[in-house]
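Remarks on the structure that follows.
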Amino acid sequence: MPRLMTKVWMNVTRSRLRRAVTLVVCALALGAGLGTVLAQVKKPQYGGQLNIGSAVLAIPALSWDSADFNWKHNQDTGLVYEQLFAADLAKAKRNGGKYSFIPDGWLPADSVRGELAESWQWKENPLRVEVQLRKGIMFPEKPGVMKARELTADDVVYSYTRLDKSPKKISGYFDHVEKVEAAGKNTVVFTFKNYNAEWDYRFGWGYYSGIVPKEVVDAGAANWKNVNGTGPFLLTDYVAGNQYTFTKNPNYWDKETIGGQANKLPYVDKIVYRTIRDESTWLTALRTAKLDILEAVRWSAVDELKKSAPQIKWAKYLSTATTFLAMRMDTKPFDDVRVRRALNMAVNKPEILKSYFGGQGVMLAFPMHPDYGGYYEPLESMPPSVKELFTYNPEKAKKLLAEAGYPKGFKFKVQITAASPEADLLSLMAAYLEQVGVTMEIQPLEYPAFLSAMTTHTNAPGYFMTTSPTNPTTTLRKQFVKGQQWNVSMYNDPEFDKKIDTMFGEKDEAKRQTQLKALTREVLDKAPYSWLPTQYAYAAWWPWVQNYGGELRAGAARPGPIHARVWIDQEIKKKLGF
Amino acid sequence: MTAPPQVVLSVTPGAPDPGPEGGGMFHALRTLLVRLFRDKPLGAAGGVVCVLFLICGIFANLIAQHGFNDVAMLHRLKPPSWQFPFGTDNLGRDVLSRCVYGARVSVIIALAGASLATVISCLLGVVTGYVGGRADMLMQRFVDAWMSFPDLVILIVVVSVFGPGVPTIVCTLGLLFGIGGSRVVRSAVVGVREQTYVHAAQSIGASTGRILWRHILPNILPPVIVLFTTRLGGAILAESALSFLGLGVPPPAPTWGGMLSGAGRTYMFQQPWLALAPGLCITFVVFSTNVFGDALRDLLDPRMRGSR
Amino acid sequence: MSSYVIRRLLALIPTLFFASVIVFVTVRLIPGDIIDLMLSERDISSVQLSRDQLLQALGLDKPLWQQYTHWVSGIIFHADLGKSLWQGIPVREQLAARMPVSFELGLMAMIIGLTIALPVGIYSAIRQDTATDYITRSISILMLSVPAFWVGTIVTVFPSIWWGWSPAVEYVNFTDDPLLNMKQLLLPAVVLGMALSAVTMRMTRTMMLEVLRQDYIRTAWAKGLNERLVVMRHALRNALIPVVTLIGLQAPLLIGGAVIIEQIFVLPGMGLLLLDAVRQRDYPIITGLFLIIGVCVVLINLLVDLSYGLLDPRVRQR
């Protein structure tokens, strides 16, 4: 027998054998590789309940009606009401794309996909956008409110018109729109008077862009029990001040493709958004897995959590909230740019970044946030006069103050909101300024009073606030255009205002970005604020939470689509003893 | 029934010393102190702590080694050491010095607030409790109306209009505690005014003021003292609650409540001394005022003088 | 007696009217009104146009007295307390959802407080200055001396680190699952109750001590009555008057004021509702809440006053 085998062996041509062996080996390798790849791309499991503490979990649900023009509407109803456009999560960083989906009111143009819209085209004469809606999207049945029926173009027109006619509408919000009408069952045409760079932000993926059916409005849109949309979940319970619960919509239209396979969405049966107002309580809830996902954990709390619950997964992101001291440019001594620049250089910002923030931050992230892509210019590439504002130079500060006529320094009043978590930062700033002879008189105000002072422009010369940029174009306008509500430094430059208008009307995005960067440099150089570094924050989740990488928003204040694509791996959960 | 002794020891302002020795206030005070240390050691310890607290508050800038806003980022979050006996906080400030300066703020708030409250309580309670009738009914309606305001609304209204700060807090606490406490005083007065000695005084034609001052007031002293000492502690605790809600004395002013609810809670794991120091201060002082007040009450009660 | 009760109930009306006007006006005088708040949440300029629009939409452009009469007539004729300015939900609904939570928490806290306070206070009075007296009093005062938010923090945070356990953050209604609901409220009620018990205990002790010195007690001792009879029958009733007052004082705090506990233990109670409403300047909620709390407080005080009559016969004569 062996001799026969040897003979056979010897008789088969080497090359053919080699070829065969190579083929087999390759096949095996491929199979193994594919197997590993497939094994990593796990098949989603269905079922379970997700408890989520969102980035704004301390604030209870504010409004169920988009016509209230409330910023939190998308946060509260984003799982139920859908919009024309939303973020394309396939382009998220964890999927190999380049977007973090952190900013609140901004989606880069190439990260947008059609949610209810299947496709859209710009046409000229007149300037318009034609949107084709997907077919077969159904509103679920809601007893006492509506029967199940298909979404049509009329629904989109109705939602827009309702917003436009709302008594609470932001004045001027839709001034660029000529008319909105349905052209057929599934086509909506937006005709514009002029181009506005924010057209899709204002009605598309923006704060108030949810498509609400007429039946819900007739039954009472403000009542949570009537909320009914095309989204992946239904709002089934609401305990004011404690939580709101969403249950799976069994007839949801969308699917997600993972590993070449299309999976029906959503995966989990229930999602609960918890409202917790106290920081140590929500950290405790995360630690004991009463929250599966917690979207905003301060960097200072992370070390302790890593020790007490080492299995938790983390994603670091640069917070959008920045703290700064705004100075009124229409009052002495801040009408002199030298004084304002001095107050920037007198504060030891590098040390604050290193010691107070433990190195966990970025020197400048306002008004442009690093996640704004082409609109953002890093500090390193800014001109020297801007970079200088972020160095520590008390001698130069004193010199500037003396030049401006304040060799001995001066006193000024600073308003801060009473319950501010950044009160320590203000104390820190006060200590640094004291060293160049500038004394702060701190006046804490309760939050609404604090806000009123700004909106009525009766704020003190110093105003210490924390705010987030909305999107590149809006932020510059609302902070620095004359008369705007958020223009707390009373920045007043007619040329600047004109340039802002030009920028809004600029259709070409690359040109717009160049204009915006120039305007940003201009604003920074004039130093209306003394900026402080921006901190990192963390999103945390337990390992059984799958298909999630710490993304925060898929539309303006809208985490719904992100949460709808999460699934729970029950084996991991059981293994960890929960 | 024999008429109980009419006057108390002369630590009560205005009332003459009836003691057989007849030596005057100083002598009575000395007797009180001796009895305090001999019979009520816990109360005496409480009293000592109260005095220490008072001294800390008054001489804060002499006692504290560093300022309360001496920021030094190099030393931040250091554990207790010889240089910084209570460690440093997240801005590098010496926690011990901040506690000492915090004592000053607490002394002011506690003494002023509790005094104001007690005065208001006594005025309202004694007058309405004794006079009774329509004035009483009217006053009670007013107290009812006042007390149906949730404390929070008043607090936030006052804080919003006048801004957070020590005077605002003192006045608000004084009013809140005072009007609420008037009921306790009133009920004590109601219990006392039916006593025979009061009727006796009325029947011999004593004026209302004299009756109130010499008969009613001294005999409701025990609950009033307990009320006062409770209010002392209560004012300190109220300030810490206000700090937790963000309405306390604003930074960089050091208050125990602010230190405890702010940096204390944020860093309570890695740097527990940030919470322990102000927390122990609050607990010690509140405990001491209460215990001291109890001891005083025991000693001053006229009806108890004969029982030992 | 009944005429007294009816008179007191009638006296409710002017009291509440008076107080309601004060709150109605004061709340609108606080700097920072709701229009500013709403407008500030938009990212585009608010021109005077937007402001007027909002004022009209919320019904706030009418003169104050008109708004007030509208509100009062709503209450009297439709039992309607108005609608929240932010969410448009009827105030009545929100109150109905939150009141049971606060009531239950308050009741449990008071019961726990009394259960600790009364026996300890009485015992301390009887065994005055013994070691037991010192120890129990010291512990009780210690409980009073630690700020409530700190106790709440420790009780929620440290068990989570040592044993991986933390209190529930999901609120279950009493009607849905009474046992689970009471379990969730137990811890916060204990925290709240312990602080309350300290004050009550000391007042009990004080008043018991006073009463025990009275001659009629001495007579009872002389007669050879056993201790329990003396304490319970003779001393307790007289000592309890200021204590009952204290209980009456504490109840309103619990109805509207356990904000800190509610915040730490995630309880959707009236305290947080009020805090939110004031922060957001939601006037109908504030005035509606105040009205309900006011009614409760006045009723409780009425009960307290009536109980004086039960406890102290001398008061009845007047």
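The values are calculated or read from the model by the stated rules, or taken from the named source; none is laboratory data. A quick note: this is a predicted structure, and the numbers were derived from the prediction, not measured. Note: ideal-geometry Cβ built from the backbone for every residue, glycine included; neighbour counts use all protein chains shown.
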- Task: Restrict the check to the range A:91-99 and report whether at least one residue is more than 18 Å from the chain's Cα centre (by Cα) and either part of a loop (DSSP other than H, G, I, E, B) or small (Gly, Ala, Ser) (or both).
- Result: yes
- Condition met for A:ALA539 (buried (at least 21 other Cβ atoms within 10 Å of the Cβ) and in a loop (DSSP other than H, G, I, E, B)): no
- Failed condition for A:THR474, given (1) among the β-branched types (Val, Ile, Thr); (2) modelled with pLDDT of 90 or more; (3) closer than 28 Å to A:TRP199 by Cβ, with all others met? (2)
- Of the criteria (1) surrounded by fewer than 23 Cβ atoms within 10 Å (Cβ to Cβ); (2) acidic (Asp, Glu); (3) facing another protein chain (nearest Cβ under 8 Å), which one A:GLU446 fails: (1)
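With the requirement that a residue be within 13 Å of another protein chain (Cβ to nearest Cβ) and either of a type in the set (D, E, K, R) or surrounded by 23 or more Cβ atoms within 10 Å (Cβ to Cβ) (or both), what does the range C:213-238 give you?
The first filter runs over the range C:213-238 and keeps only residues within 13 Å of another protein chain (Cβ to nearest Cβ), leaving C:213-219, C:221, C:237-238.
The answer is C:ARG213, C:ASP215, C:ARG218, C:ARG237.
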- Query: Among (1) touching a residue at least 12 places away in the same chain (Cβ under 8 Å); (2) more than 13 Å from chain A (Cβ to nearest Cβ), where does B:HIS199 come up short?
  - Reply: (1)
- Find the residue count for the range A:409-429, including only residues that are outside any helix (DSSP H, G or I) and within 7 Å of another protein chain (Cβ to nearest Cβ). 2
- Query: Only one of these conditions is not met by C:VAL315: (1) at pLDDT below 80; (2) more than 10 Å from every other protein chain (Cβ to nearest Cβ). Which number is it?
  - Reply: (2)
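For the structure I just gave you, tell me whether C:LEU274 is facing chain B (nearest Cβ under 10 Å) and at pLDDT 80 or above. Step through it out loud before you land on a result.
Working: facing chain B (nearest Cβ under 10 Å): yes; at pLDDT 80 or above: yes.
Yes: the conditions hold for C:LEU274.
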- Message: Suppose we keep only residues that are aliphatic (A, V, I, L, M) and in contact with a Ser or Thr (Cβ under 9 Å, 6 or more places away or on another chain) within the range A:275-314. Which one would you say is farthest from C:TRP150 (Cα to Cα)?
- Response: A:ILE293
- Residue count, the range A:262-293, condition surrounded by fewer than 22 Cβ atoms within 10 Å (Cβ to Cβ) and either among the small types (Gly, Ala, Ser) or more than 9 Å from every other protein chain (Cβ to nearest Cβ) (or both), comes to 8
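Inside the range A:430-444, can you point out the residues that are under 16 Å from B:PHE68 (Cβ atoms) and either assigned to a strand (DSSP E or B) or among the aliphatic types (A, V, I, L, M) (or both)?
Looking only at the range A:430-444, we keep the residues that are under 16 Å from B:PHE68 (Cβ atoms), and these are A:430-431, A:434, A:439-440, A:442.
Selection gives A:ALA430, A:ALA431, A:THR439, A:MET440, A:ILE442.
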- Query: Would a scan of the range A:454-461 turn up a residue that is at pLDDT below 90, surrounded by 17 or more Cβ atoms within 10 Å (Cβ to Cβ) and part of a helix (DSSP H, G or I)?
  - Reply: yes
- Note on the structure: C:LEU209 passes all but one of the listed conditions (1) more than 10 Å from chain B (Cβ to nearest Cβ); (2) crowded, with 23+ Cβ neighbours inside 10 Å; (3) closer than 21 Å to C:THR136 by Cα; the exception is number (1)
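This table checks each residue for (1) surrounded by 24 or more Cβ atoms within 10 Å (Cβ to Cβ); (2) outside any helix (DSSP H, G or I).
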{"position": "B:LEU217", "(1), (2)": "no, no"}
{"position": "B:ILE225", "(1), (2)": "no, no"}
{"position": "B:SER240", "(1), (2)": "yes, no"}
{"position": "B:GLN270", "(1), (2)": "no, yes"}
- Message: With the structure loaded, tell me whether A:LEU353 is at pLDDT 90 or above, under 24 Å from the mean Cα position of the chain (by Cα), on the phi < 0 side of the Ramachandran plot and part of a helix (DSSP H, G or I) or whether it fails that test.
- Response: yes
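Can you find, within the range A:67-90, the residue that is farthest from the other protein chains (Cβ to nearest Cβ) among those that are in a helix (DSSP H, G or I) and under 15 Å from the mean Cα position of the chain (by Cα)? First the steps, then the outcome.
Going through the range A:67-90, the residues in a helix (DSSP H, G or I) turn out to be A:67-68, A:73-77, A:89-90.
When the remaining residues are screened for being under 15 Å from the mean Cα position of the chain (by Cα), the result is A:73-76, A:89.
On the way: A:HIS73: 11, A:ASN74: 13, A:GLN75: 12, A:ASP76: 10, A:LEU89: 25 Å.
Top of the filtered list is A:LEU89.
Could you tell me whether any residue of the range A:380-394 is under 28 Å from A:GLU279 (Cα atoms) and surrounded by fewer than 21 Cβ atoms within 10 Å (Cβ to Cβ)?
Just the residues of the range A:380-394 that are under 28 Å from A:GLU279 (Cα atoms), to begin with: none.
Within the range A:380-394, none of the residues are under 28 Å from A:GLU279 (Cα atoms) and surrounded by fewer than 21 Cβ atoms within 10 Å (Cβ to Cβ).
Of these, A:ALA117, A:ALA61, which one is within 14 Å of chain C (Cβ to nearest Cβ), hydrophobic (A, V, I, L, M, F, W, C) and over 24 Å from A:PRO472 (Cα atoms)?
Only one candidate passes the filter, namely A:ALA61.
Yes/no per residue for (1) more than 13 Å from chain C (Cβ to nearest Cβ); (2) small (Gly, Ala, Ser); (3) under 24 Å from A:ALA537 (Cβ atoms); (4) in contact with a Phe, Trp or Tyr (Cβ under 8 Å, 6 or more places away or on another chain):
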position	(1), (2), (3), (4)
A:TRP224	no, no, no, yes
A:LEU234	yes, no, no, yes
A:ASN249	yes, no, no, yes
A:GLY260	yes, yes, no, no
A:GLU295	yes, no, yes, no
A:VAL302	yes, no, yes, yes
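Here is a yes/no grid of residues against (1) of a type outside the set (Val, Ile, Thr); (2) within 14 Å of chain A (Cβ to nearest Cβ); (3) assigned to a helix (DSSP H, G or I):
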position	(1), (2), (3)
B:GLY234	yes, no, yes
B:GLY248	yes, yes, no
B:PRO252	yes, yes, no
B:LEU274	yes, yes, yes
B:CYS281	yes, no, yes
- Selection within the range A:35-57 - farther than 17 Å from A:VAL566 by Cβ and at pLDDT 85 or above: A:VAL56
- Given the structure, is C:ALA195 within 10 Å of another protein chain (Cβ to nearest Cβ), more than 15 Å from B:PRO222 (Cα to Cα), part of a helix (DSSP H, G or I) and in contact with a Gly (Cβ under 9 Å, 6 or more places away or on another chain)? yes
- Among the residues of the range C:65-98, write down those that are within 12 Å of chain A (Cβ to nearest Cβ) and out of contact with any Lys or Arg (no Cβ under 7 Å at 6 or more places or on another chain). C:LYS83, C:SER84, C:LEU85, C:TRP86, C:GLN87, C:GLY88, C:GLU93, C:GLN94, C:LEU95, C:ALA96, C:ALA97, C:ARG98
- Kindly establish whether A:GLY229 is away from every other protein chain (no Cβ under 14 Å) and more than 25 Å from the chain's Cα centre (by Cα). no
- Which numbered condition B:GLY209 fails, given (1) more than 7 Å from every other protein chain (Cβ to nearest Cβ); (2) at pLDDT below 80; (3) crowded, with 21+ Cβ neighbours inside 10 Å: (3)
